[in-house]
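A.B. asks: Encoded as structure tokens, here's the structure I'll be asking about.
The values are calculated or read from the model by the stated rules, or taken from the named source; none is laboratory data. Predicted, not measured: the structure shown is a model, and the values here were computed from it. Don't worry about glycine lacking a Cβ; one is built from the backbone with ideal geometry, like all the others, and counts go over all protein chains shown.
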Amino acid sequence: MIRDFEYLSPKTLEQALTLLDKYRDECKVIAGGQSLLVLMRHGLVAPQYLVDIKGLTELNYIKSDAKAGLRIGALTTHRAIELSPAMKNGFSILAEMEHRLASVQTRNWGTIGGNVCHAEPAGDPTPVLIALKATLTTAGLKGKRNMPVENFCVDFFETALQPGELLVEIQVPPAPPHTGTGYTKFNIIECDQATVGVAVSMTLDSGKETCKDCRIVLGACAPTPIRSKRAEEVLRGKKITSDLLKEAGQIASQEAEPISDISASEEYRRELVQVLVARVGSQALARAKQG
Ligand SMILES: Cc1cc2nc3c(=O)[nH]c(=O)nc-3n(C[C@H](O)[C@H](O)[C@H](O)COP(=O)(O)OP(=O)(O)OC[C@H]3O[C@@H](n4cnc5c(N)ncnc54)[C@H](O)[C@@H]3O)c2cc1C
């Protein structure tokens, strides 16, 4: 049962930040409520004040620029990203990822900012954003801060947000030439969270032969999404073959720190990492060759 709370509905970012600064630990921000309301119903979160930011239209936008890349306001819904024509300019992996996130009803209401701030280790957007080298901006009454998305998730359901701060924007830089990115998740129930999620981005050299740079990001394999840096090293500077991708998968499965839970055992998750890194790596390679 949800405990009583006072509902506050600021009309501007400034008003929202003032309320967050005033009520600090006694309040909780709600955007789409798709994750927060579940926690409140279970009594895991019981704020005295609920600050509803969903109406802040100034944080609901997708802006695309050939030089600067993509800027996504924190209150942009999953569905808006999935359907946005801006994703066709080199960011189609974001639309693909969103298409498999939850049901269309949840995607219509849940926001990318809420998902990233919820910091669920099995969430879909964060591994893809890390693979794309995305950054984000937070805002508080004292000003704004920028950081790589990679540094934002600090622990299980915990982020680098300071009290009184909101996530306001996510930036995705344009990918270098000959870059391909892939993402997949294994889940038993369609529209559900990942048992394991894997994102890989790969940049080839000008001859499209050698891997110049790559990122391998694992979801649901540790308290936060993690990069498999030893596996990345296996690929960097080499001509990518299926044997090399299998080797990267094996190393990634050793680097993962999965737990056993109701969805899968630790061993099963390691097996999934091994298979999915090779599979998504091969997809990223094929896309990089087309780029
Ligand atoms: C049935 C179901 C299936 C789902 N399946 C998936 C799935 O397959 N993959 C997946 O990734 N997710 C899934 N989810 C999770 C969910 O879709 C997202 O986590 C959700 O979209 C979060 O966005 P929201 O706007 O609803 O956030 P809310 O629930 O409103 O907030 C989530 C948290 O973020 C904080 N917050 C929100 N916005 C901000 C902000 N701008 N700045 C600072 N803090 C903020 C809130 O205080 C809260 O702690 C599922 C959820 C449901 C209900």
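A.B. asks: Check off (1) within 30 Å of TYR61 (Cβ to Cβ); (2) of a type in the set (A, V, I, L, M, F, W, C); (3) surrounded by 16 or more Cβ atoms within 10 Å (Cβ to Cβ) for CYS191 and give me the number that stays unchecked.
C.D. replies: Of everything listed in (1) within 30 Å of TYR61 (Cβ to Cβ); (2) of a type in the set (A, V, I, L, M, F, W, C); (3) surrounded by 16 or more Cβ atoms within 10 Å (Cβ to Cβ), CYS191 misses just condition (3).
A.B. asks: Strands (runs of 3 or more DSSP E) wholly in the range 127-217 with at least 1 residues that are modelled with pLDDT of 95 or more and touching a Cys at 6+ places or on another chain (Cβ under 8 Å) - which ones?
C.D. replies: The qualifying strands (runs of 3 or more DSSP E) are 166-172, 196-204.
A.B. asks: While we're looking at this one, here's another question. I'm checking my understanding of the structure. Among residues of the range 242-291 that are in contact with a His (Cβ under 9 Å, 6 or more places away or on another chain) and modelled with pLDDT of 95 or more, which one is nearest to SER228 (Cα to Cα)?
C.D. replies: ALA288
A.B. asks: Whether any residue in the range 42-51 is assigned to a loop (DSSP other than H, G, I, E, B), β-branched (Val, Ile, Thr), within 13 Å of the ligand (Cβ to nearest atom) and over 16 Å from GLY113 (Cα atoms) is what I want to check.
C.D. replies: yes
A.B. asks: Could you tell me which of the residues PRO177, PRO125, PRO121 is within 19 Å of THR203 (Cα to Cα) and of a type outside the set (Val, Ile, Thr)?
C.D. replies: Criteria check complete, one pass: PRO177.
A.B. asks: Here is a follow-up. If you scan the range 86-106, which residues turn out to be within 19 Å of GLY73 (Cβ to Cβ) and of a type in the set (A, V, I, L, M)?
C.D. replies: Across the range 86-106, the qualifying residues are ALA86, MET87, LEU94, ALA95, MET97, LEU101.
A.B. asks: Of all residues in the range 215-231 being in contact with a strand residue (DSSP E or B) (Cβ under 9 Å, 6 or more places away or on another chain) and surrounded by fewer than 18 Cβ atoms within 10 Å (Cβ to Cβ), which is farthest from ASP155 (Cα to Cα)?
C.D. replies: Within the range 215-231, the match that is farthest from ASP155 (Cα to Cα) is LYS229.
A.B. asks: Just give me the residues in the range 100-114 being crowded, with 18+ Cβ neighbours inside 10 Å and near the ligand (Cβ under 6 Å from one of its atoms), in sequence order.
C.D. replies: Listed by number, the residues that qualify are LEU101, ALA102, GLY110, THR111, GLY113, GLY114.
A.B. asks: Considering each residue of the range 222-239, count those that are closer than 19 Å to LEU132 by Cβ and not β-branched (Val, Ile, Thr), and give that number.
C.D. replies: Count: 8.
Results for (1) within 30 Å of VAL200 (Cβ to Cβ); (2) in contact with a Phe, Trp or Tyr (Cβ under 9 Å, 6 or more places away or on another chain); (3) surrounded by 19 or more Cβ atoms within 10 Å (Cβ to Cβ), shown as yes or no for each residue.
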{"site": "TYR7", "(1), (2), (3)": "no, yes, no"}
{"site": "ALA16", "(1), (2), (3)": "no, no, yes"}
{"site": "ALA68", "(1), (2), (3)": "yes, no, no"}
{"site": "GLY73", "(1), (2), (3)": "yes, yes, yes"}
{"site": "THR76", "(1), (2), (3)": "yes, yes, yes"}
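A.B. asks: Still on this structure, I have one more. Which of (1) within 10 Å of the ligand (Cβ to nearest atom); (2) within 17 Å of the chain's Cα centre (by Cα); (3) part of a loop (DSSP other than H, G, I, E, B); (4) more than 24 Å from LYS11 (Cβ to Cβ) is the odd one out, the single condition LEU75 does not satisfy?
C.D. replies: Just one mismatch for LEU75, condition (4).
A.B. asks: Looking at (1) assigned to a loop (DSSP other than H, G, I, E, B); (2) buried (at least 16 other Cβ atoms within 10 Å of the Cβ); (3) more than 11 Å from the ligand (Cβ to nearest atom), which is the only condition SER64 fails?
C.D. replies: All conditions pass for SER64, except number (1).
Residue-wise test of (1) under 22 Å from LYS185 (Cα atoms); (2) at pLDDT below 95.
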| position | (1), (2) |
| --- | --- |
| TYR49 | no, no |
| SER64 | no, no |
| LYS67 | no, yes |
| THR76 | no, no |
| ALA80 | yes, no |
| LEU83 | yes, no |
| GLY110 | yes, no |
| ALA119 | yes, no |
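A.B. asks: For the range 19-34, enumerate the residues that are closer than 11 Å to PRO163 by Cα and either more than 6 Å from the ligand (Cβ to nearest atom) or surrounded by fewer than 18 Cβ atoms within 10 Å (Cβ to Cβ) (or both).
C.D. replies: LEU20, ASP21, LYS22, TYR23, ARG24, ASP25, GLU26, CYS27
A.B. asks: Still on this structure, please answer the following. Could you pull out the residue among ILE188, ILE216, ILE170 that is under 30 Å from LYS54 (Cα atoms) and of a type in the set (Val, Ile, Thr)?
C.D. replies: ILE170
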